[in-house]
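The values are calculated or read from the model by the stated rules, or taken from the named source; none is laboratory data. Not measured: the values here are computed from a predicted model. Ideal geometry is used to build each Cβ from the backbone, glycine not excepted, and the neighbour counts take in all protein chains shown. Only protein heavy atoms, including side chains, enter the accessible area calculation; ligands, DNA and RNA are left aside. Shrake-Rupley method; radii C 1.70, N 1.55, O 1.52, S 1.80 Å.
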Amino acid sequence: MMNTEICQITDRSLAEAKSILLSGGLVAFPTETVYGLGADARSDSGVDKIFTTKGRPQDNPLIVHIHRDFDLNGLVYDEMPYAKKLREVFLPGPLTLVYRSKGKVSSKVSCGLDTLAVRVPSHVGAQAFLRYVDLPIAAPSANVSKHVSPVSAEHVFADLNGKIPLILDGGPSSGGIESTVCDVTGEYPVVLRQGLVSVEMIRSVVGKCGVYVPKEGEQVRSPGMKYKHYAPKCKTCLVTDAKQASLRFDEFKKEGLRAYVLCESKYAKYFPKDRLLDLGSTAEEMASRLYSLLREGELVADVIIAIEPTRSDGVMAGVLNRLNKACAEE
Ligand code: TXA
Ligand code: MG
């Protein structure tokens, strides 16, 4: 067990972060989506450590994070004119682009794929960190594999205390769900994971945008998609409306189980206030609250009953995807 420090972002903690990274160690850092668990992307042993520390499957590739002035062309073949447009409109921000790789980072980052996912986060603390270290930083979300992603330094500490030396604290992540992952190697962009930059937003800039749907029996293009994810430690169940939720709530009560209801504000009136995990009303509110409510809920509930939101367009597509994965069967 090592001692895990939580530090505000200062010149001193950034200097410590850089020296940890340069010796193959891990540093957790804030972004506008969720907290990341970073290693020097050029270091085989650093990148290896990410997989072992999280218990992450060896075939799930990592995103490389860079500051806004880092030389992208040193890392990837940036061929598509539409990719430049997407960068101009959405970056820095919660959009990760998958390019053909130049192979300049550890091959473990992309788990042997010939592509590289690159992200330029907008969070001020993330930019300060990336600029200070001036390295390509490989980072997945800073949770134990399959658990709910962390949206505060305390969440990271709860999962990784004793396993990493340093957590840079940049306050709560405002976005709340992971970045949109978009493949830009083809004739038009294809979204591999939905997020805060919606498919509709991408279409409004470049016209055409596909959405990747994994097919049975086919090799998945974004290996992360096949795993159960984002799951709280308590039992969960997903229902389609408030009536179903009430029925389940009463059943669980009869079994002596403490049920909490995770739902949009419009359903709140049907349930006891002290058993509510209220997601709010807009898609952006729901995204920003989802993971902290799941983490809050797992500490007090025997079971979380989630009511599926009624809309599924725009940013809600990303929220719904995370909710489904959090509450899915194994
Ligand atoms: O918002 C985020 O993206 C956060 C913060 C920390 O930046 N990071 C994050 O990383 O969510 P992670 O490892 O939990 O998810 C990375 C996703 C996975 O679904 C993975 O399969 C996909 O990106 N991915 C990474 N490299 C890829 C590649 N070369 N081709 C296709 N998908 C890739
Ligand atoms: Mg993750």
- Query: Of the residues that make up the stretch 65-82, is at least one modelled with pLDDT under 95 and either assigned by TED's automatic domain parsing to the domain that holds residue 170 or among the aromatic types (Phe, Trp, Tyr) (or both)?
  - Reply: yes
- Note on the structure: By residue number, the members of the stretch 62-101 that are open to solvent by less than 30 Å² (accessible area, probe 1.4 Å), part of a loop (DSSP other than H, G, I, E, B) and either in contact with a Ser or Thr (Cβ under 9 Å, 6 or more places away or on another chain) or over 18 Å from residue 123 (Cβ atoms) (or both) are 62, 75, 93, 94
- Query: Take the residues of the stretch 204-231 that are loosely packed, with under 14 Cβ neighbours inside 10 Å and among the basic types (Lys, Arg): which is modelled with the highest pLDDT?
  - Reply: 208
- Can you name the residue in the stretch 298-319 that is open to solvent by 10 Å² or more (accessible area, probe 1.4 Å) and assigned to a helix (DSSP H, G or I) and is also nearest to residue 273 (Cα to Cα) among such residues? 300
- Item | Among the candidates 124, 105, 118, 133, residue that is in contact (Cβ under 8 Å) with a residue 24 or more places away in the chain, farther than 21 Å from residue 86 by Cβ, within 12 Å of ligand 1 (Cβ to nearest atom) and β-branched (Val, Ile, Thr) | 105
- Item | Flag for residue 150 being more than 26 Å from residue 82 (Cβ to Cβ) and within 8 Å of ligand 1 (Cβ to nearest atom) | no
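Just a yes or no: is a residue in the stretch 172-186 under 19 Å from residue 289 (Cα atoms), away from ligand 2 (no atom under 16 Å from the Cβ) and part of a strand (DSSP E or B)? Quick ask: steps written out before the conclusion?
Going through the stretch 172-186, the residues under 19 Å from residue 289 (Cα atoms) turn out to be 172-180.
Now narrow it down to the ones that are away from ligand 2 (no atom under 16 Å from the Cβ): 172, 174.
Of the ones still in play, those that are also part of a strand (DSSP E or B) are none.
Looking through the stretch 172-186, none of the residues is under 19 Å from residue 289 (Cα atoms), away from ligand 2 (no atom under 16 Å from the Cβ) and part of a strand (DSSP E or B).
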- Message: Given (1) touching a helix residue (DSSP H, G or I) at 6+ places or on another chain (Cβ under 7 Å); (2) open to solvent by less than 60 Å² (accessible area, probe 1.4 Å); (3) modelled with pLDDT of 95 or more, identify the lone condition not met by residue 270.
- Response: (2)
- Note on the structure: Only unsatisfied item for residue 192, checking (1) outside any strand (DSSP E or B); (2) surrounded by fewer than 24 Cβ atoms within 10 Å (Cβ to Cβ); (3) not β-branched (Val, Ile, Thr), is (1)
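Determine whether residue 39 is under 23 Å from residue 124 (Cα atoms), surrounded by 19 or more Cβ atoms within 10 Å (Cβ to Cβ) and not charged (D, E, K, R).
Details: under 23 Å from residue 124 (Cα atoms): yes; surrounded by 19 or more Cβ atoms within 10 Å (Cβ to Cβ): yes; not charged (D, E, K, R): yes.
Considered against the rule, which asks whether it is under 23 Å from residue 124 (Cα atoms), surrounded by 19 or more Cβ atoms within 10 Å (Cβ to Cβ) and not charged (D, E, K, R), residue 39 comes out as yes.
Being in contact with a Lys or Arg (Cβ under 9 Å, 6 or more places away or on another chain) and of a type in the set (Lys, Arg), is that true of even one residue in the stretch 274-282?
Just the residues of the stretch 274-282 that are in contact with a Lys or Arg (Cβ under 9 Å, 6 or more places away or on another chain), to begin with: 275, 277-281.
Pick out the ones that are also of a type in the set (Lys, Arg) and you get 275.
Taking every residue of the stretch 274-282 in turn, at least one turns out to be in contact with a Lys or Arg (Cβ under 9 Å, 6 or more places away or on another chain) and of a type in the set (Lys, Arg).
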- Given the conditions (1) within 10 Å of ligand 1 (Cβ to nearest atom); (2) without any contact (Cβ under 8 Å) to a residue 60 or more places away in the chain; (3) surrounded by 15 or more Cβ atoms within 10 Å (Cβ to Cβ), report the number of the one that residue 145 does not fulfil. (2)
- State whether one or more residues within the stretch 51-59 are in contact with a strand residue (DSSP E or B) (Cβ under 7 Å, 6 or more places away or on another chain) and among the hydrophobic types (A, V, I, L, M, F, W, C). no
- When residue 22 is evaluated against the numbered criteria (1) more than 12 Å from ligand 1 (Cβ to nearest atom); (2) among the hydrophobic types (A, V, I, L, M, F, W, C); (3) under 22 Å from the mean Cα position of the chain (by Cα), which criterion, by number, is the only one it fails? (3)
- Taking the stretch 240-266 as the region of interest, how many residues are in contact with a Leu (Cβ under 9 Å, 6 or more places away or on another chain) and either open to solvent by less than 10 Å² (accessible area, probe 1.4 Å) or part of a loop (DSSP other than H, G, I, E, B) (or both)? 4
